[in-house]
Amino acid sequence: MIVNYNNEPKIQIADRLCKINSWMIAFVLMAEFIAIIINSLFHVLNILPFIFVSTVTISYISAFFAGFKFRININVLLIYLYSLFLFAISIFLNGAGTNITYLGDFLTYGLIGFLLLILPYNTRIILRVISCSAIGYLIFQSQILESISTNTASYGQINMFSSYAISTIIIASIIYLAFYTKRFHWFDIVVYLTNLSLLFLLLLQGSRGAVLELFVLLLIIWWKKAGNSDVRKVLFKKYLFLTGMLFTGFSVLINYEQILKIIYESLQSMGISISLINKSYSLISLQGSVFGVLNGRDTVFDNSLSMFGKSPIFGAGIGSFEDSFSTWPHNLILQLLCELGVLFSIPFLYFICRGIIAILQQWKFAKNKDEGIMLLFLFAYSIPKLMLSSYFWKEQSFWMFIIVTCSFIQYKKVL
């Protein structure tokens, strides 16, 4: 065994670096939740840049003293250089505008994930740290609730930023429970009970997109667990499940207004208030159409498709939609198509699809189970959210999803 000048085995140094970097990645992924706690206690705003800089600094100081030799996946490097090329073209053709803001977001949120994920990490530690952060809610519950609560004329809820921050903790807890937990200690019971209280808070008062993330995650976990039994039984279960989902989804779509009205009135008669149901019912009632449930997104989607139709091959350029309509498309695929067109969207769509396939096929392209679980976490945290809100240039978990997906390609080249 090779020993360094301090007579400490190199394997121990590497293990320490892995643990430190795993903690730093966890802090970055739950940075919004940390920001909520700090803001509720000390009324400090915009703490995220400090968290990002601190985590990267600590990881790289540790890497320096560990003598870590950096190896960069060629696919990861190419996708980042390709993104910078697209920004350069957009700024050259359209001039400086929202594209400059998006470039700053990409360099901040995209680069942080890149810098941390090229260092060694342990998925189990990351998920454990994130799930245990729920203890912060247990300790400072009253201050946090006061900070994140908002009210409308017809219902109360927690704001969207806080909903997604909380869903991150719950997603990590569910995945850790599903794939890592084999026995419970007293601390595990406290952690899971606290996460359960956060789950109820999210279901009752959280935004609909955050609840959708949990629903998608549970479906994938069921799919993964069903694949551990006999092949014929697995195929039967999965096809039966898909058939049932399609039939149920079609039935609900046709009778959505009537079903929602029945659920809303039943809950009201029992004195139960669920923000997801209340908001959907209120929007439909106000707009008199099932499209009201989209909260104005139907108009945004129409504008996105219209912009895409004007330049379907090359797109209108990064940031062009927000320059024209003062908002973003609120959908990952529509934003890719209307900004980059079909041609320039291909690399992003390829890695997104490759990641999804890797998850559904029992991590066929994963180097190990831990990386597959990491991919599942990043997918559940980013993709459902980006299909309804936010934009991918500033979604850190999306870029980390792309990075991990790149490492799944079977025959990869490394610098």
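Conditions tested, residue by residue: (1) touching a Ser or Thr at 6+ places or on another chain (Cβ under 9 Å); (2) among the hydrophobic types (A, V, I, L, M, F, W, C); (3) assigned to a helix (DSSP H, G or I); (4) exposed (fewer than 13 other Cβ atoms within 10 Å of the Cβ).
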site: Leu17; (1), (2), (3), (4): yes, yes, yes, no
site: Ser22; (1), (2), (3), (4): yes, no, yes, no
site: Phe33; (1), (2), (3), (4): yes, yes, yes, no
site: Asn39; (1), (2), (3), (4): yes, no, yes, no
site: Asn46; (1), (2), (3), (4): no, no, no, yes
site: Phe52; (1), (2), (3), (4): yes, yes, yes, no
site: Asn75; (1), (2), (3), (4): yes, no, yes, no
site: Ser83; (1), (2), (3), (4): no, no, yes, no
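Under the condition of being at pLDDT 95 or above and loosely packed, with under 14 Cβ neighbours inside 10 Å, the residues counted in the stretch 315-342 number 0.
Picking from residues in the stretch 140-184 that are in a loop (DSSP other than H, G, I, E, B) and modelled with pLDDT of 90 or more, the one that is nearest to Trp223 (Cα to Cα) is Tyr180.
Looking across the stretch 32-50, the residues that are under 18 Å from the mean Cα position of the chain (by Cα) and in contact (Cβ under 8 Å) with a residue 24 or more places away in the chain come down to Glu32, Phe33, Ile34, Ala35, Ile36.
The values are calculated or read from the model by the stated rules, or taken from the named source; none is laboratory data. These numbers were taken from a predicted model, which means no experiment stands behind them. Every residue, glycine among them, receives a Cβ derived from its backbone with ideal geometry; neighbour counts consider all protein chains shown.
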